[in-house]
Amino acid sequence: MKKASRRASVKIVLLIGLAVGIAAVYFWGKNYFSSHFYPGTVVNGIDCGGMTAEAVKEEIQKELQRYTLVLRERGGAEETITGEQLAVRYADDGGVDALLSAQKDSLWFLAVGRSHSYQVAEAFTYEEAGISELLGRLKCFQQENITPPSDAFVEDTGTAFAVSPEVQGNLLDRDRTAAAVKEAVETGKTEIDLDALGLYEQPSVLSTDPKLQEEADFLNRMTAASITYDFGDRQMTVDREAIKNWIVKGEDGEYVLDRGQMLQWVTQMAYETDTFGLEHTFTTTSGAVITLAAGGDYGWVIDREATTEALLQMVQEGQTATVEPVYLYEGADRSVNDIGDTYVEICIVEQRMWCYQDGQLIVDTPVVTGCHSTGYDTPSGSVWAIDAKEEGAHFDTYNSDVDFWLPFNGDCGIHDASWRGEDASGYGGDIWQTNGSHGCVNTPRSAAQTIFNAMEIGYPVVVYYSVDQVVGPEPTQDVEMG
């Protein structure tokens, strides 16, 4: 009996001890989980088991500071902005505390071994005003790394006009980029594609614009002409290199040829090739090279206005042609030596005249020129053009007739002079000093006839005083026919 009673007492003591232990554990747990989250509790992805609300807030703060926003840039580059750079701070809105308060500490033992996942709003603050400064530190905003966009345009490739494509560049709109970063941070995005968001400045004119190709085609048509001016031993050409400089765009956006610039080009061509009344270098029959002074009326003169108008028309039509300018005055030969190889040569001192046809000497004759003693000297020292051809001319002043008349300087000309005889014996020598003409070149009839038949209006007549003294004495009286 005593042993049974003793075992019963021990059992009671054990049960009481167990009950007391269980109660102690329970109340410990109840007290502990009134300020700590259950094991297995996850808040916003953070394992918060056994953590106080403050500890959870600290973890949330750390997580916010670990935030990284990746900026994907044009060309494959990437740069980042971190939560720490943004000075992100958790803004306690009581959400974590509310979760802990909602936890039933009296039933903590039922929660052990179970998972509990919660999502609370991560209210936070950051230095929004600092975004612009952060962007300014990024490589994509450094001036040396920026290529501004440029429009597509029509360019001259050297051989043709073509559309040069636009350049997209990589210039970001800073204000819009800052707004995109702000939106990403506030919505928790971890990356943004700057190109996909359209944050880069764009060219305003693209190569796909049909107007550009139309412009290129039009300019190619305008510069297609090739006009060659032929001057015998040299040429001057108008091609696209010249024409492209004459094209201007008007206020209405239309391209036109600048006639003024074309006239300047023609004027320069005239300056380089006109010979009328200018100084000439001449090789005499004796072989002496002399300089004939300016002042005669032989040579070439380009009609600048008419030539420009004709050129404008040919360029507009896109012609390829070899042409001559339009002339006001024409000589016999268009080479640099415009006297050519068909001309009359007269030397006052020698009282001699030569005539060359196609380089062949066909006349070598003595003559009588203007009377020196009376001041009727034949004008000399330059080149004149034959002004007319008259067969059977009558000189009213002297009531005399000639068979062949070739005036070259006003009333001064070449003609036969029957009053001096038919053969050469009545010509040459010193006759001109005291019994010369009134300025004309008196010539034996047969020589005058040969010259008359060989020369045409506009052909040159070279008159010089001597091979040593090019310019002879000025006439003291007006030269007259005879």
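The values are calculated or read from the model by the stated rules, or taken from the named source; none is laboratory data. This is a predicted model, so every value here is computed, not measured. As a convention, Cβ positions derive from the backbone with ideal geometry for all residues, glycine included, and neighbour counts pool all protein chains shown. Note: areas computed on protein heavy atoms with side chains; ligands, DNA, RNA excluded. Shrake-Rupley method; radii C 1.70, N 1.55, O 1.52, S 1.80 Å.
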Whole-Hz ³J(HN,Hα) for each residue in segment 427-442, computed from phi via Karplus 6.51 cos²θ - 1.76 cosθ + 1.60 with θ = phi - 60°, x for glycine and proline: what do you get?
10, x, x, 9, 3, 4, 5, 10, 9, x, 7, 8, x, 6, 9, 6
Could you report the accessible area of Ser150 in Å², rounded to 10, computed with a 1.4 Å probe on the protein chains as they sit in the structure?
50 Å²
Can you tell me the orientation of helix 174-187 relative to the chain, as the angle in degrees between its alpha-carbon axis and the longest Cα principal axis, to the nearest 10?
20 degrees
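Give me the Å³ per residue figure for the convex hull around the C-alpha atoms of the chain. Don't jump to the answer; show the numbers that get you there.
Values: hull volume 118.6 nm³, N = 482.
Here the figure is 246 Å³ per residue.
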Residues whose built amide H sits under 5 Å from the amide H of Ile362, excluding neighbours closer than 5 in sequence, are Cys355, Tyr356, Gln357
Interchain or sequence-distant (5+) residues whose placed amide H lies within less than 5 Å of the amide H of Tyr229 are Met236, Thr237, Val238, Val323
So how do Met314, Met455 rank on accessible area, 1.4 Å probe, biggest first, that is with the largest at the start?
Met314, Met455
Label-point separation, Lys139 to Ala102 (7 Å along Cα→Cβ), nm
4.6 nm
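Where Lys and Arg each count +1 and Asp and Glu each count -1, what net charge lies around Ala447 among other residues with Cβ under 14 Å from its Cβ? Present the calculation step by step, with values, prior to reporting the outcome.
Working: positive: Arg352, Arg420, Arg445; negative: Glu345, Asp364, Asp403, Asp416, Glu422, Asp423.
My count for the surroundings of Ala447 gives -3.
Would you please name the GluC sites (Glu not before Pro) within segment 377-432 that are DSSP coil residues with at most 13 other C-beta atoms within 10 Å of their C-beta? List each step's numbers first, then the result.
Working: sites: Glu390, Glu391, Glu422; in loops: Glu422.
For GluC sites (Glu not before Pro) across segment 377-432 that sit outside H, G, I, E and B with at most 13 neighbouring Cβ atoms in 10 Å, the list reads Glu422.
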In sequence order, what are the phi-derived ³J(HN,Hα) couplings for segment 382-396 according to the Karplus relation 6.51 cos²θ - 1.76 cosθ + 1.60 with θ = phi - 60°, rounded to whole Hz, with x for glycine and proline?
8, 10, 10, 9, 5, 8, 6, 9, 9, 9, x, 9, 10, 9, 4
Any residue on another chain or 5+ positions along whose placed amide H is under 5 Å from the amide H of Glu350 is listed here as none
If Val96, Val167 are ordered by their accessible area, calculated over protein heavy atoms with a 1.4 Å probe, which sequence runs from highest to lowest?
Val167, Val96
Short version: ³J(HN,Hα) in whole Hz for each residue of segment 75-84, in order, from phi by Karplus 6.51 cos²θ - 1.76 cosθ + 1.60 (θ = phi - 60°), x for Gly and Pro, what are they?
x, x, 6, 9, 9, 10, 10, 9, x, 5
For the chain, calculated [θ]222 nm from helices alone, where every DSSP H run of n ≥ 4 adds -39500 (n - 2.57)
-8500 deg cm²/dmol
Report, to the nearest 10°, how far helix 445-454 tilts away from the longest principal axis of the Cα atoms in the chain, using its own Cα long axis and a range of 0 to 90°.
20 degrees
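So which GluC sites (Glu not before Pro) in segment 127-175 are both in a DSSP loop and have at most 16 other Cβ atoms within 10 Å of their Cβ?
Numbers: sites: Glu127, Glu128, Glu133, Glu144, Glu155, Glu166; in loops: Glu127, Glu166.
Of the GluC sites (Glu not before Pro), the ones in loops of segment 127-175 whose Cβ has at most 16 other Cβ atoms within 10 Å are Glu127.
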Considering the Cα positions of segment 308-366, please state its Rg to one decimal place and its Dmax as a whole number of Å.
18.8, 56
